[in-house]
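Notes for the one structure printed next.
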Amino acid sequence: MLAGRRRGLRALLPFAGPAFVASVAYMDPGNFATNIQGGAAFGYRLLWVVVLANLMAMLFQGLSAKLGIATGKNLAELSRDNAAKPVVISMWIVSEVGAMATDLAEFLGAIIGLYLLFHIPMLIGAVITGILTYLILALHRYGFRTMEVLIGSLVGIIAICYVAETVLAKPNWHLVLYHSVVPWLGGPSSLFLAVGIVGATVMPHAIYLHSALTQDRIVGKNRRDIRRIVRFSYVDVIVALTIAGLVNLAMMYMAAAVFNTTGHANVADIATAYRTLTPLLGNLAAVVFLISLMASGISSSVVGTMAGQVIMQSFIGFTVPLWVRRVITMLPAVVVVALGLNVTQTLIISQVILSFVLPVPVIALVLLGAHRKIMGDMVNRPFVTALAVCAAVTILGLNVVLIWTTVHPS
């Protein structure tokens with residue numbers, strides 16, 4: 001393709017994959033929790049938050065992919081090389097907290113799916129999920145394409161499930177379109193969910209991981225090749241995150257159509273959503289919902305572990321065997337299950353934590369991408385930097401408002 005001998009779809013295929021792996025983070029169980037609770041409690045009115053968050057995700061994932069391609073290094077490596085040591089250590093600690101919060105949500109989602117669909121006790125489900133994710137991670141030794149195809153297949157399963165849910169739920173398309181573009185925020189509870197939706201959609205670990213997935217995947221011989229690779233990576237991002245965005249919209253408008261409009265606005269957890277779906281839409285809808293949840297939990301947990309390895313290895317040059325990291329990162333989920341905590345509320349809190357972690361990689365990405373000495377002639381254009389700054393300010397603003405309304409609830 002780079003030599004101009006292949007065109008069309010066949011030219012795109014070699015470059016497709018990294019964005020689909022990263023996109024799994026945008027359809028993880030944290031999204032299920034925030035979108036279902038948002039749709040049940042507030043109907044269609046928070047759909048605009050999903051659209052806004054997805055547009056910001058496209059921007060940041062595209063910039064992350066470009067960073068890896070243009071420099072041959074990932075975001076964490078460049079942060080380590082260009083920041084003072086105390087700043088690097090702080091970034092690493094915050095990013096590790098974000099990775100743990102991410103894996104908590106993803107792991108809990110798979111455990112809930114196994115429990116509800118197959119009646120497997122949650123502690124046993126945690127062990128099964130850990131083994132499955134480790135086996136999938138082990139496929140990486142057979143090359144990046146094997147992993148990308150498997151993750152892409154799981155993304156396809158999630159998407160097909162929500163096509164089916166859309167057909168069964170029969171949402172009000174006028175309200176879907178209207179509230180996808182018209183902003184609305186009510187009181188502190190809707191704001192809390194809005195921040196959680198942003199945290200569940202724009203994922204810190206996915207920003208780190210995407211730059212690592214592209215940095216050595218296809219190496220251009222010259223700047224012309226690199227520019228073409230970047231353009232194809234943008235197509236990869238647009239396609240993958242459009243699918244992820246549509247799935248997120250479907251999660252919320254399904255909850256709005258099925259729960260909010262039928263007087264079930266208090267559906268606040270995944271288990272209740274599953275049990276309520278059965279009498280309202282039938283067993284098929286409930287089973288499809290759980291299949292998508294399990295595919296989401298297992299695939300996103302794999303991606304989360306990959307991102308955790310990248311973060312640790314790139315920031316501090318230290319790594320641990322994959323099985324050790326898998327065991328360590330599953331411990332918080334095991335503790336939540338063992339203590340009998342509300343798993344869906346834990347999922348939502350984890351997404352709010354992610355929204356507070358998110359400015360760290362976002363600010364680093366904006367600064368590094370605008371640095372000509374680092375990016376050379378691939379430096380981001382001023383208007384792109386301005387867009388990224390606006391998105392970062394939006395995230396910071398939501399977090400500040402959330403803190404303010406929490407401290408001053410009146």
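Laboratory data are not the source of any read-out in this text; all were calculated from the coordinates shown. Just so we're clear, the structure is a prediction, and the values are computed from it rather than from any experiment. Glycine gets a Cβ as well: all are built from the backbone with ideal geometry, and neighbour counts include every protein chain shown.
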- Mind sorting Thr329, Thr129, Thr166 by how few other Cβ atoms lie within 10 Å of their own Cβ, fewest first? Thr166, Thr329, Thr129
- region 171-248: which trypsin sites (Lys or Arg not before Pro) are DSSP loop and have at most 10 other beta-carbon atoms within 10 angstrom? Lys221
- For the chain, built as a Gaussian network whose Cα springs stay under 10 Å, the top-fluctuating residue of Ile328, Ile124, Ile136: Ile328
- Please go through region 204-269 and write out the chymotrypsin sites (Phe, Trp or Tyr not before Pro) that DSSP classes as loop and that have at most 13 other C-beta atoms within 10 Å. none
- Gaussian network model of the chain, Cα within-10 Å springs - most flexible of Ile197, Ile160, Ile111: Ile160
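Order of Asp103, Asp236 from fewest to most other C-beta atoms within 10 Å?
Numbers: Asp103 29, Asp236 24.
Fewest-to-most ranking of Asp103, Asp236: Asp236, Asp103.
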- Task: For region 184-253, give the magnitude of the charge dipole about the Cα centre (Cβ charges: +1 Lys/Arg, -1 Asp/Glu; no others), in debye to the nearest 20.
- Result: 480 debye
- Task: Take every Cα pair under 8 Å in the chain that's 6+ residues apart, average their separations, divide by the length, and report that relative contact order as a whole percent.
- Result: 39 percent
- Item | Simple Cβ-charge dipole of the chain, Lys/Arg +1 and Asp/Glu -1, about Cα centre, in debye nearest 20 | 1520 debye
- Item | Neighbour cut-off at most 12 other Cβ (10 Å), DSSP loop, chymotrypsin sites (Phe, Trp or Tyr not before Pro), region 290-344 | Phe318
- Query: In the chain, which helices (entire DSSP H runs) extend 30 Å or more along their own long axis, judged by Cα positions, while averaging at least 0.0 on the Kyte-Doolittle scale?
  - Reply: 47-71, 85-118, 144-169, 223-258, 283-316, 382-407
- Query: Along its principal axes, what span do the Cα atoms of region 11-407 show, with the longest given first and each in whole Å?
  - Reply: 60, 48, 44
- Task: Per DSSP H run of n ≥ 4, the term is -39500 (n - 2.57); total these for the chain, divide by its residue number, and report the mean residue ellipticity at 222 nm rounded to 500 deg cm²/dmol.
- Result: -26500 deg cm²/dmol
- Item | Sites Gln345 and Asn172, calculated FRET efficiency, Cβ-Cβ separation with R0 35 Å, nearest 0.05 | 0.80
- Order of His210, His205, His179, His140 from fewest to most other C-beta atoms within 10 Å? His140, His179, His205, His210
- Summed over the other residues with a beta carbon less than 13 angstrom from that of Gly62, with K and R at +1 and D and E at -1, the charge totals +2
